[in-house]
Amino acid sequence: LEEKKQKQHQQKHSGPKAEKKKLKQKNDSVEEDERKRNPKAFAVQSAVRMAKTFHRAQDIKTKKHHIPIVDRTPLEPPPIVVVVVGPPKVGKSTLIRCLIKNFTRQKLTDICGPVTIVSGKKRRLTFVECNNDINTMIDVAKVADLVLMLIDASFGFEMETFEFLNICQVHGFPRIMGVLTHLDAFKNNKTLRKTKKNLKHRFWTEVYQGAKLFYLSGMVYGEYQNQEVKNLGRFISVMKFRPLVWQTSHPYVVVDRLEDLTDHERVRTDPKCDRTVSLYGYLRGTHLKNKGQVHIPGVGDFQVSDVNFLPDPCPLPDTQKKRALNEKERLLYAPMAGVGGVVYDKDAVYIDLPASHVRQLQEEVRPTTELVQSLIETHVTLDAKMAASKVSLFSGSANGTQLYSLSSLLHHNYRSECGWRYNHRLYKKLGIATIIDFSGSSSDEDDDSSESDQEDQEQDEDEKNITSHAPPVKKQKLEEIKGESEVIPEVLAFADSEDELEKSEVESEGEDEAERAGDSGHSSEESKEESDEEENEDEVMEEETGTAKGYDSEEEEQVCVISLFLSTGALKWKEGLQQKATEAFLRHQEAAPNLRKQVYGSVVEADDSEEDNEEEELGGLFRVSRPQKSKKVQANALDCSHFNPDTSHNWDLEEMLNSIRDCFVTGTWEEGQDAAMLLKEDEELYGDFEDLETGKVHKGSTGEQDQAEESEIDGDEADEDRGVKVDDEEVQKNKRLEKKRRLKERFDAEYDDDDATYFDDLKEEMQKQAELNRAEFEDMDDESRVQYEGFRPGMYIRLEISSLPCEFVTNFDPHYPIIVGGLSTSEGNVGYLQMRLKKHRWYDRILKTRDPLILSLGWRRFQTIPLYHIEDHNGRHRLLKYTPQHMHCGASIWGPITPQGTGFLAFQSVSGVKANFRIAATGVILDLDKSVTIVKKLKLIGYPYKIFQNTCFIKGMFNTVLEVAKFEGASIRTVSGIRGQIKKALSTPPGAFRATFEDRLLMSDIVFLRSWYPVPVPQLYNPITSLLLPVGQKDTWSGMRTLGQLKHDLGIRNKPSTDSLYKTITRAPRHFNQLHIPKELQKALPFKSKPKLQQLKGKTPRDLKRPSVIREPHERKVVELLRALSTVHNYKKKAAHTVHHAKHKEFLQQKEKEEEAKLKRKKDAQKKLYRIMGQRDQKKLRSSLKGTTQDD
């Protein structure tokens, strides 16, 4: 067969993309020319700048690196938890409904509990709506993989948005996408653009720069626009997630279904008894061990009594090459919302079975879940049915012959709940239109009416003869089928050979499929895959345009075969056998039969032959022919001949026999397929070999060393399949390429270590570890695997928990998510925790020590009493009365043991909705023991009662001699600052002691001792049990109240001490006496400091003031003249003074020179005089010395 050539990619020759490519090529070529023409211009100008650029590039590259983590995600990961968060009336439920409709083509009216859907070939999503309760926001943030944060654009950011962002920051930041709604409230485009920009930048500030923000512009018929929802769905479908530390180290289950297993009699007698409940959901995080400890937020800690895994209720589609999911694979599973079989009410559990993927023939809604439906409508036990089951080969036969019991076959199908198709499969196994008679009756009416309800949904009375054992289809389709059944000639109902069985199956597929397949099921696997892809593309196009086909060809085939068989009668198959045989033969030739198969049987590989034989035989009587599954032949093999028979052939002629002689073993084959030639080639290929049993050495005809060496190199590769006789050149070519690739990889691994960095090595090591983890239990079945590694993430498990409070069941509300968080061995204990805490900058009040505080730590929410402290420079942990305003402080609590480095949130209240920001503080766990001793300052006061110089006897500080002995040598001091030391206790009075000081004390002095007193941490651990509250009151949980709240609620007012009250200060004006300085002292004082006896100038009385004089014009002229003359006189005087000052300056300089000369002369004269005097003194001294020596 010729291989179908792949369609080549056509390059764009015009348009913006082609123009851009041309421009890029042109620019690249110009730059290359410039580099060649002037290489110096492009050389390194500055080595320092180049080094800086390189370092900067490396820094940016390194900053992008995350610490590699071993990939522990299973092959079938659990559904991704998508949490939809936002304030009330922002459109959360509407968005979930639109996304579900986008992914599954179904409408969900009420969003209750988690909703799981299949969104793609490898991804499932679980939507959880977060209501406006701080408890739900905390719980949901711990399990979310993706958060859709809805923001009302017409209102702006609300307090709930900021609270949830802060909760996420503490508990591990999941991926967050903002969604702006209510954009249709803006009528002005400019205002809309400005609002979008402001909200986007504020959102970026809180999350990270460039965080994705979607805009849902408006609503059409109560739903968001399809294109916008589709874009959002695409982003969700392709988003990648970074593993969060807490989630990857703890197993957890988001419960989507629960059942109360408590004995009804016990509940009736004691309604308040503890309940045994089974919780269902997908396991996430890490492996879960049986009999472990779990915590249910809002309920408490519990021991798991039993865990087992169940079949996946929302499985991923089968792995096959296709572009989109068909309608049957768009699954939706939401038990709490009534989809999937179970609806929860206040006092009961109702089974609801809506038709999600099945077309109804009548308006009445019937159950589609086979197990529940069979339990509802069954009237006879299964054993009775199996005993009476028979196979009727012909619909009209009287009391059909019981060939074999179907109990083993049907019991397996019934137990596995494989669906309404298992009778389809039985039809196909028998290869003929068989009808299974469960009731044992002979007539068609009994077949149709008695037990067909157990198989599928009931249909109209008029349609029962056609569709009793087939899936329901549209009425229009049924009419078409009826019409076809009247026209199409009757196919072979019973066959004498396997080939005719094959014919009956091929013919029932219809002419359209035969034309599309080309060679009617005999094509190679490659062409079959291509045809599948084309069909799938057609399906995608149909889904895009909104038209949906009813069922695939298998279902139509079964409907056709059954309807034909029922309509044609019981024993009409004998009529016109010769004509039928001729038509069947011609059809067989048109379908291009496989001659090798007719001669040798089906061509299958040796390994699968035994298994196929077991599967294909039914009861030892029938052997099923499945041409599409049995074609495991190679693409280029000569396996069939294509010819259209114009006339019937006479096989008695020698020419006709010779035409097909070469198709048999005795014929002449082609050179590449002849057995003798192949054996000869093998001998040349493999050359010499030694028989290990006899020790005889066989020599090959041609000793080609190269081929022998090549065969040795290929020793580690898999040998060729001996079952296939044809040596394909393509296979050999691929093998050679594979060998070269592996040799190159080995070479690269040995010599190309230059570019490998530490980060790459670390990533490679993590990758190897992940592959090793996967390969360890890969071949083991789930039952055994669970025993070794526990229940792995991705499994749908059932947790049975006993001794749950009855309020958990009676007050169950599906709008509040239930999370089961697994605990490690140490996390179930309660002890002392040391934490680093900081008051949140948006919280309006500081926190007080010993005020009860609600913490969200790990999976838990609980109330405790913290002690705040700060570490001094000497390592002492000093108790604080209040938290510091803008810095961290330490906190010690009594609570559940949680790993170090775990973040926590603190609230003062989680009840109701408050206008203010509710997160009081955030922090992290530092230590898990009681190593830190918190101390409080204590001042002990005493009074001296006897004073001896620097020694005192002090009383009132201690009560006993023992207390004094404990503090011997301690430093004490007085209020006035005199330091001292405690020496020894006195006998009387008790508690008195002797102390020494650095100065003498007065009796009025007060002595105090500064000491540090250890403060014990209060042991309070009060879990929040919000899920046990009645429906509608789950956000009203209140625990221990603070002292201030108690006094406010009880109306108690503190009586303050009188000393602490503010008093009005009245100060009398002080009168100072006049300073009196004696006369003697006044004489000694300088004039500046002497008291001046000057009277203060008083105000001149009005009557003594001189009146103003008004001059005459003549007088004014005189005055003006005098003023001018005086001005001239003053100017001349000033000029003369300047000249005089200059002359005086010269005179002073002259005089100074003269003085200097005079002083110099004086100095010279003195020097001369002193020299003469010195000489004279020396003479006298010498003469006196001479005189003394002569006297001696």
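The values are calculated or read from the model by the stated rules, or taken from the named source; none is laboratory data. All values derive from a computational prediction rather than experimental measurement. All Cβ positions, glycine included, derive from the backbone under ideal geometry; neighbour counts span all protein chains shown. Calculation scope for accessible area: heavy atoms of the full protein, side chains included, ligands and nucleic acids excluded. Shrake-Rupley method; radii C 1.70, N 1.55, O 1.52, S 1.80 Å.
Quick one: putting +1 on the C-beta of Lys and Arg, -1 on the C-beta of Asp and Glu, what dipole do you get for the range 1046-1185 around its Cα centre, in Debye to the nearest 20?
720
I need the calculated FRET efficiency for the pair F917 and K20, taking r as the beta carbon distance and R₀ as 56 Å, to the nearest 0.05.
Efficiency for this residue pair is about 0.65.
Out of the total accessible area of the range 936-1014 (probe 1.4 Å, heavy atoms of protein only), what percent is carbon and sulfur?
Whole-percent figure for carbon plus sulfur exposure: 54.
Multiply the residue gap between E968 and S1183 by 0.36 nm, knock off their C-alpha separation, and tell me the result in nm, one decimal place.
Full-extension gain reported as 69.1 nm.
Mind ordering 816-823, 832-839, 230-237 by average Cβ neighbours within 10 Å, highest first?
So the peptides 816-823, 832-839, 230-237, ranked by packing, come out 816-823, 832-839, 230-237.
Would you kindly work out the equivalent ellipsoid of the range 936-1014 from its C-alpha gyration tensor and give its semi-axes, the square roots of five times the eigenvalues, largest first in whole Å?
Largest first, the range 936-1014 gives 18, 15, 10 Å.
Once you place label points 7 Å from the Cα toward the Cβ at K1167 and V245, how far apart are they in nm?
9.0
Between F953 and K848, what is the spin-label point distance in nm, taking each point 7 Å from the Cα along the Cα→C-beta axis?
Rounded to a tenth, the inter-label distance reads 4.5 nm.
Tell me, what is the FRET efficiency for S93 and Y208 to the nearest 0.05, using R0 = 22 angstrom and their Cβ-Cβ distance as r?
The computed FRET efficiency comes out at 0.20.
Sort 941-953, 1168-1180, 121-133 by the packing proxy (mean of other Cβ within 10 Å over each peptide's residues), most packed first.
121-133, 941-953, 1168-1180
Just name one of P944, T996, G969: the one whose Cα is farthest towards the positive end of the charge dipole of the range 936-1014 (beta-carbon charges, Lys/Arg +1, Asp/Glu -1).
Projecting each Cα onto the dipole axis, the largest value belongs to G969.
Projected onto the charge dipole of the range 182-310 (+1 at Lys/Arg Cβ, -1 at Asp/Glu Cβ, origin at the Cα centre), which of P251, I296, T205 gives the Cα projection farthest towards the positive end?
Of P251, I296, T205, it is T205.
Please find the FRET efficiency linking H1076 to T1100, where r is the Cβ-Cβ separation and R0 is fixed at 35 Å, and quote it to the nearest 0.05.
FRET efficiency, H1076 to T1100: 0.65.
Starting from 0.36 nm per residue, how many nanometres of slack lie between Q293 and A43 once their C-alpha separation is accounted for?
83.2 nm
Ordered by packing density, taken as the mean number of other Cβ atoms within 10 Å over each peptide's residues, highest first, how do 1115-1126, 294-305 rank?
Going from most to least packed, we get 294-305, 1115-1126.
With every protein chain left in place, what is the accessible area per residue of the range 888-964 in square angstrom, probe 1.4 Å?
46
Any chance you could count the Lys pairs in the range 936-1014 whose alpha carbons are under 23 Å apart, treating pairs 8 or more apart or on different chains as valid?
For the range 936-1014, the number of qualifying lysine pairs is 17.
For V179, enumerate residues with amide H under 5 Å from its amide H, sequence gap 5+ or separate chain, H modeled in the peptide plane.
Here M149, L150, I151, F214 satisfy the definition.
What are the ³J(HN,Hα) couplings of the range 866-873, residue after residue, when phi is run through the Karplus curve with 6.51, -1.76, 1.60 and θ = phi - 60°? Round to Hz, x for glycine and proline.
x, 10, 8, 8, 9, 8, 7, 5
In nm, to one decimal, how far is the L743 label point from the S1126 one, both placed 7 Å along Cα→Cβ?
Modelled inter-label distance: 12.5 nm.
Pairs to check: K92/K914; K21/K61; K121/K289. Give those whose C-alpha atoms are more than 23 Å from each other in this structure.
K21/K61; K121/K289
Taking every pair of distinct Cα atoms and averaging 1/r, then inverting, what Kirkwood hydrodynamic radius in Å comes out for the range 1116-1192?
The Cα-based Kirkwood calculation yields 18.8 Å.
Using unit Cβ charges (K, R positive; D, E negative) and no other charged atoms, how large, in debye to the nearest 20, is the dipole of the range 936-1014 about its Cα centre?
Its charge dipole is roughly 180 debye.
Quick one: dipole size for the range 258-318, taken about the Cα centre, charges +1 on Lys/Arg Cβ and -1 on Asp/Glu Cβ, in debye to the nearest 20.
About 220 debye.
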